[in-house]
Amino acid sequence: MIYTTAILFSLVGYFLIGHLAGRRVKHLDDYLVAGRNAPTFFILGTLVASYLSTSAFLGETGFAYQGYPFVMLIFAAVSTSGCLLGALAFGRYLRRSGARTVPEFFGKRFASRRVQIIAGLTTIFGLGAYLLGVMQGAGIMFAELTGMPYWVGLVLVWLTYTGFILYSGSPGVMLTDTVMFVIFSLAALGGSIYILQDLGGWHGVIEGLLSQQDKPGIALWHGVIEGQEASFSTPGEALTWGLTLGLVWAAVLAASPWQSSRYLMARNEHVVMRSAMFTAVALAIFYALMMVTGAAINLYNDQLDPERAMVWVALNVLPTWLGVVILTGVFAAGLSSCSTFLSIIGFSLSNDILPASLDEASAMRTSRIAVLAAGLIALGLALFQPPAVMSVVWFAATLFASSWGPVALMSIWSRRITAAGAGWGLAIGFLSNLVLSLMVQAEWVSLPVYLHPVVLSTLVALAAILLASRATQVSQAERDYRAFLHQRDPSIEAKWVSGTRWVAMCTMLAGIAVGLFLWQQYADTLAALAERFVIPGATISGAYLLAAGCGSMLLVAGAVGYWVVRPRKLNTQGMRAARS
């Protein structure tokens, strides 16, 4: 009963918070991009909340429980660095554009309504699938905790986030995301510390996982590679998977619409960079704790459904008060992602696909109608589509790595990409990934780990961009707009550079701290137990390399950030010319 009450109260609370945020919505910019005045903490909150949905708490933690906690750490080390590097290479330029949506940015950059529409369509279809996955995760959570039917949870969740989005738009999403970020961060930290301490700390968990026989290798860096249910057959295959999918998700974090669109609400580009640095650190800490915690659940019960392992431990192991915090935190993560995805779908439909409205009132009304229509379709699909949280979410997210990733980066750094190249890159990257992924799922084709559908479709998208751009000419409007994007505002630089460099230094220190922590708590522990459990020397070396690699990714990302925001002479004359 206490869990049902907590969940229902949280739904009411988020609805009220979103409603209060809506009182500040007066203009279309307020509704779509929160007035472009959000501070660092709010952008941090909505970035993390948008990324860590029920897929992270249920699906990815479940994969760790299944036997691959440290493979997930390899994945996380690579992917989270993409958050910061993506903000430096794309996000801060996106904020300079003053666009209301990311597809609108592509339309401005390439002086092409066609490119904007293609980007908008990929947003709607790709995020529609992603929204379906996280809605189902929230519905599963509701059913597990309350004992009510799955469909009841879906409807209540839908009513909550759709209700405050319709009224408040981006301010409601941003504020509720930040509140949810605080709740599930405390939940993840508190739950992980309790479970690890209850099992004897990292040493006790590693020793316990080495002692059990059902999932041999779960405590080693490569995870389980023996048995019929093993996902990988060799350590090299596990490493390739972690690095490949890490790079894919680095591209997702750098350019996907639900991450990069958060930067459009930032006060300025330095808020973009600062929030991205803090996000990378927060995600690194989250994965370091939660993946080991997911594996540790095996020491309580090793026969669980992986995607329900975190729910089980909250209900059966943790103190009631902490279990309530954990489960409301997991539920909040799903709800925040639902609200983010639905808002982006609705905004893109009204701003990028439908004809432009003549006045702000009509535009806001169109946006609200679009949000409601998209939400109803998503609800209908979630009610009738069997749940598969992690597979649906990962499938949907990778669509943007192959379509948006190359176009986003080349729109900033390439002088030769044309509107035709961008349009074909977006379309071919999306469709080829979709077709290949469906063929793999249907077992019509079998691909090695290093030839994941997203890798092949990214190469196809790059080829399409290069061929189409070679066959067409870059217009003067495209050249001028790109030049404008590379100009800095001296009034902002004078006030913000010093603080941003301090944040970059803190990011580097966090990378060193994460690396040292994993070195001492994991690699040293494994080395101390090597003789007792007959662990090969190469595996021990792999553990030390994992610890060093996880820390060095943040260190390098922070160092790049420190170098990028260095003080430099500004070409104010060029800026004025580009604006004119």
Among the listed residues S432, S437, S457, S475, identify the single one that is among the hydroxyl-bearing types (S, T, Y) and over 23 Å from W249 (Cβ atoms).
S475
Going by what's in this entry, would I183 be described as among the aliphatic types (A, V, I, L, M), modelled with pLDDT under 80 and in contact with a helix residue (DSSP H, G or I) (Cβ under 9 Å, 6 or more places away or on another chain)?
no
Regarding segment 31-51, can at least one residue be identified that is among the hydroxyl-bearing types (S, T, Y), under 19 Å from the mean Cα position of the chain (by Cα), part of a loop (DSSP other than H, G, I, E, B) and modelled with pLDDT under 80?
no
Within segment 224-282, can you find the residues that are farther than 20 Å from A76 by Cβ, among the charged types (D, E, K, R) and assigned to a helix (DSSP H, G or I)?
E269, R274
Single match in S411, S437, S475 (criterion: in contact with a Lys or Arg (Cβ under 9 Å, 6 or more places away or on another chain) and of a type in the set (S, T, N, Q)):
S411
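Okay, residues lined up against (1) over 24 Å from the mean Cα position of the chain (by Cα); (2) within 14 Å of F106 (Cβ to Cβ); (3) of a type in the set (A, V, I, L, M, F, W, C):
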site	(1), (2), (3)
A408	no, yes, yes
N433	no, no, no
V445	yes, no, yes
Y450	no, no, no
A463	yes, no, yes
A471	yes, no, yes
E478	yes, yes, no
Which one is nearest to L154 (Cα to Cα) among residues in segment 114-134 that are in contact with an Asp or Glu (Cβ under 8 Å, 6 or more places away or on another chain) and buried (at least 23 other Cβ atoms within 10 Å of the Cβ)?
T123
Taking segment 441-458 on its own, how many of its residues are surrounded by 20 or more Cβ atoms within 10 Å (Cβ to Cβ), assigned to a loop (DSSP other than H, G, I, E, B) and of a type in the set (A, V, I, L, M)?
0
If I ask for residues that are under 30 Å from I43 (Cβ atoms) and modelled with pLDDT under 90, which ones from segment 219-245 would you list?
T244, L245
Which numbered condition in (1) modelled with pLDDT under 80; (2) surrounded by fewer than 20 Cβ atoms within 10 Å (Cβ to Cβ); (3) within 21 Å of W249 (Cβ to Cβ); (4) not charged (D, E, K, R) is the only one that S362 fails?
(3)
Does segment 275-282 include one or more residues that are surrounded by 24 or more Cβ atoms within 10 Å (Cβ to Cβ) and touching a strand residue (DSSP E or B) at 6+ places or on another chain (Cβ under 9 Å)?
yes
Can you tell me which residue among L189, L220 is assigned to a loop (DSSP other than H, G, I, E, B) and either in contact with an Asp or Glu (Cβ under 6 Å, 6 or more places away or on another chain) or within 28 Å of A64 (Cβ to Cβ) (or both)?
L220
Long-range neighbours under 7 Å by Cβ, at least six apart or interchain, first residue more than 15 Å from F75 (Cβ to Cβ) within segment 537-558, second among the β-branched types (V, I, T) and assigned to a helix (DSSP H, G or I)
G551/I512; G551/V514; L555/I512; A557/T507; G558/T507
Please go through segment 142-194 and pick out each residue that is farther than 29 Å from T293 by Cβ and of a type outside the set (A, V, I, L, M).
P149, W151, W158, T162, G163, F164, Y167, S168, G169, S170, P171, G172
With in a helix (DSSP H, G or I), touching a residue at least 24 places away in the same chain (Cβ under 8 Å), touching an Asp or Glu at 6+ places or on another chain (Cβ under 8 Å) and among the acidic types (D, E) as the only criterion, which of E104, E207, E144 stands out?
E104
Based on this model, can you work out whether I285 counts as on the phi < 0 side of the Ramachandran plot, within 17 Å of the chain's Cα centre (by Cα) and among the hydrophobic types (A, V, I, L, M, F, W, C)?
yes
Return yes when F347 is surrounded by 22 or more Cβ atoms within 10 Å (Cβ to Cβ), modelled with pLDDT of 80 or more and in a helix (DSSP H, G or I) and no when it is not.
yes
Among the residues of segment 1-47, which ones are buried (at least 20 other Cβ atoms within 10 Å of the Cβ) and of a type in the set (V, I, T)?
I7, V25, V33, T40, I43, T46
Being part of a helix (DSSP H, G or I) and either over 30 Å from V324 (Cβ atoms) or of a type in the set (K, R) (or both) is true for just one of G120, G153, G163, G133. Which residue is that?
G120
Filtering segment 411-429 down to residues that are buried (at least 21 other Cβ atoms within 10 Å of the Cβ) and closer than 17 Å to H486 by Cα, which residue is farthest from the chain's Cα centre (by Cα)?
I417
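The values are calculated or read from the model by the stated rules, or taken from the named source; none is laboratory data. Because the structure is predicted, anything quoted here is derived from the model rather than measured. Here Cβ is always computed from backbone atoms with ideal geometry, including for glycine, and neighbour counts include all displayed protein chains.
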